[in-house]
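The values are calculated or read from the model by the stated rules, or taken from the named source; none is laboratory data. Here the structure is a predicted model, which is why all the values come from computation and not from measurement. For neighbour counting, all protein chains shown are included, and Cβ atoms are generated from backbone atoms with ideal geometry for every residue, glycine included.
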Amino acid sequence: MITTTHNFMNFLSYQAYFQTILNTTEHSAPYDNPDYLNYTQLNWSRMNRWLKTGHLNEEIQNIVAKINQPQQWIVITEPWCGDAAHIVPFIEMIAKLNNKITVRYELRDSEPHRINDYLTNGKSKSIPKLIIRNSEAKDLAVWGPRPQACQVFYDSLLAQQLSYENIKTELQQWYNKNEGKEIILELSALLKSTL
């Protein structure tokens, strides 16, 4: 049985937590639901695919190189989250470009429940969320849960009243076709604002 004591993790710890879920036979909620376990298995594959094939353009590399003050990035996520499987690898790849950036991963549904301070539109606990702070723990920028173009697409799918499964499939296809371009574009602008 997995207990969630993984409050603050680096990326390696987050990957290990992911693997623990996939390799455990007795699960606590939400992974006792076969659907969530299936999402997590798919997300593990998606995340690792982007870590191998994701490409960062020259513009974001140049912007990240200009960060000359320490930044603490907090990523609020969960292994079952489909958007996170596509977004988290790019956040991690970008952060690795500059040793002034440290990244901490927190689970949405565990202490410290920081998501409650970063609700989308003031009401939704949508993830992933990226919070960028300076060395005094002051927020410099907040981003998430998905690129704006993807959000517009998602809203259009909701308006068509498609089933949850169809919406999930359509979103996955959007991310696959986009290949991280919108994520990188938006994070470029976000990071530029922190310089």
Of the conditions (1) surrounded by 15 or more Cβ atoms within 10 Å (Cβ to Cβ); (2) in a loop (DSSP other than H, G, I, E, B), the single one that residue 83 does not satisfy is (2)
Subset of the range 102-143 [in a strand (DSSP E or B) and either crowded, with 19+ Cβ neighbours inside 10 Å or charged (D, E, K, R) (or both)]: 103, 104, 105, 106, 107, 129, 130, 131, 132, 133, 139, 143
The residue that is modelled with the lowest pLDDT, considering only those in the range 8-44 that are part of a loop (DSSP other than H, G, I, E, B) and within 20 Å of residue 130 (Cα to Cα), is 8
Does the range 127-139 contain at least one residue that is over 20 Å from residue 30 (Cβ atoms) and among the polar types (S, T, N, Q)? yes
